[in-house]
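Here the structure comes first, spelled out in structure tokens, and everything after it is commentary.
The values are calculated or read from the model by the stated rules, or taken from the named source; none is laboratory data. Given the structure is predicted, the values throughout are model-derived calculations rather than measurements. Cβ: placed from backbone, ideal geometry, glycine included. Neighbour counts: every protein chain shown. The protein model used for the area step is the full one, side chains on, heavy atoms only, and it has no ligands, DNA or RNA in it. Shrake-Rupley method; radii C 1.70, N 1.55, O 1.52, S 1.80 Å.
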Amino acid sequence: MIHLLFIVPYPELEEKVHHVLSRHPERAQLDVKIQAMTVEDIPDLSSDDYDAIIARGYTAQKTSDGYRQIPTIQLSISGYDLVRAVSECCETLHPKKIAVCGFGQQMYEAKTIFRFFQVEGEVYDTIHHEDLKKTVEEAINAGCDALIGGYSANIQAKKAGLPSVVIRTGEDAILRALDEAVRTVRQIRQERLISQMYKTIIYSSKDGLLFVNRDGVILVRNRVVRKMAGDISLMNRPLKKALPYLWPLFCSVMDSGKEENGRILTIPGTRTTVSASCTPVIANKELSGAVINLSDITQIQELEGQIRRKLSERGLKARYTFPDIIHQSSAMEKTIQTAMRYAASDSNVIIVGETGTGKELFAQSIHNASSRGNGPFVAINCAALPENLLDSELFGYVEGAFTGTSKGGKMGLFEQAHGGTLFLDEVGEISPAIQSKLLRALQERQVRRIGDNKVIDVNVRIISATNQSISRMAD
């Protein structure tokens, strides 16, 4: 809803405004309060009362100057309004010389209209309504025997005994003013939305953010930067004086016009070390300044540690790498070299060896040396679980799939290993039924939770291990 205050200079105009409003295409979105008043009667208004004010002449001037938080839309005087006023003046008053009193920029067609009606006239450009009395006196002294102007000018003319005609606003001018008010309010709301969005982004950032204009003055900063600086005032201060350790980075970016990332800086007087990045801001094809981003390295390290601890607690991290495999024999060295070559591939791997030969060491090492090293490493001993339990552990289940299911269901190990590696230890103990489901998961890269009717895409590398002879079992 758009809330408007429509100030009319004379009561008769109120009826026209109601008529135009009743036919306006967006009347359902307009809440318009119409008040007939002169410039002297304008009330005190709060910026929350209205989205915009529509007024004419000196009233519009006063509301624009007095209520800067509320946009004022000028109810302009058209050439047609002037023609009607001059015509009425000539027909009713039969003047020899007409004085037109008002804002000059709105009366520029008056002299042309005078020539059309073959009457002499003079335009008085009175900027402030306080000067109207003096203007009327000047018009009388200049031989004007009639006046055309706004409601306030007509009041002064009547006090001086000068016949006058009010310039009346037509419906077309009212419609234009309403359309302009709607457009202005919507534009202001959109700008406020964008402004608030950027403000929220800046102030919700965990990193310190600064915008420095091309003159080196800080125009935007968030609370993080201020805290880093020791809660000193930064706004509208030169960067060189407020945060001198950032000045070389800023100058370098402004000189090159190119972004710089990852400068490690220590804030003077503190133990805080930050990673500083600076990005040039191009506006209207000109370098207008730069945005500086400061990331507290200590916090980054703490966050990284928390993530690593959580992954470790969940058992989703591989601990061992190839250097952890202690050996002396050439056969083991050859096996490690082979495994390192396999690690460079994304193919599935099966490790065959007797119990105690370090199959899981190799599995974890292959994972850590692969492109998936930063992803999860999920391990399961297939021989330790019965078939039905192994099925639910591998593929997960939905709530209610069978008796004793967890509320909300459970994610399977394939899903947990997404983007990483799933290690199936003692894979030779898996039953043929589970093997068939496992084969489909490997072929389609999709799994279906028990009791579910949809499939889930997974990106998982399988490393399996067995102590059984694959060739003997295949015979």
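Side notes on the structure shown:
- Segment 31-50: number of residues that are surrounded by 16 or more Cβ atoms within 10 Å (Cβ to Cβ) and not in a loop (DSSP other than H, G, I, E, B): 4
- Residue count, segment 1-28 (criterion: open to solvent by 30 Å² or more (accessible area, probe 1.4 Å), touching a residue at least 40 places away in the same chain (Cβ under 8 Å) and touching a strand residue (DSSP E or B) at 6+ places or on another chain (Cβ under 6 Å)): 1
- In the set 88, 109, only one residue is in contact with a helix residue (DSSP H, G or I) (Cβ under 7 Å, 6 or more places away or on another chain) and either of a type in the set (Asp, Glu) or touching a residue at least 60 places away in the same chain (Cβ under 8 Å) (or both); that residue is 109.
- If you check 270, 279 for being free of Cβ contacts under 8 Å to residues at least 60 places away in the same chain, in a loop (DSSP other than H, G, I, E, B) and open to solvent by less than 80 Å² (accessible area, probe 1.4 Å), only one passes: 270.
- Taking segment 105-219 as the region of interest, the helices (runs of 4 or more DSSP H) fully inside it that hold 1 or more residues being touching a His at 6+ places or on another chain (Cβ under 9 Å), open to solvent by less than 10 Å² (accessible area, probe 1.4 Å) and aliphatic (A, V, I, L, M) are 151-159, 171-204.
- Residues that are in a loop (DSSP other than H, G, I, E, B) and open to solvent by less than 80 Å² (accessible area, probe 1.4 Å), drawn from segment 68-97: 70, 71, 75, 76, 77, 78, 95
- Test: residue in segment 51-63 that is on the phi < 0 side of the Ramachandran plot, touching an Asp or Glu at 6+ places or on another chain (Cβ under 8 Å) and assigned to a helix (DSSP H, G or I): no
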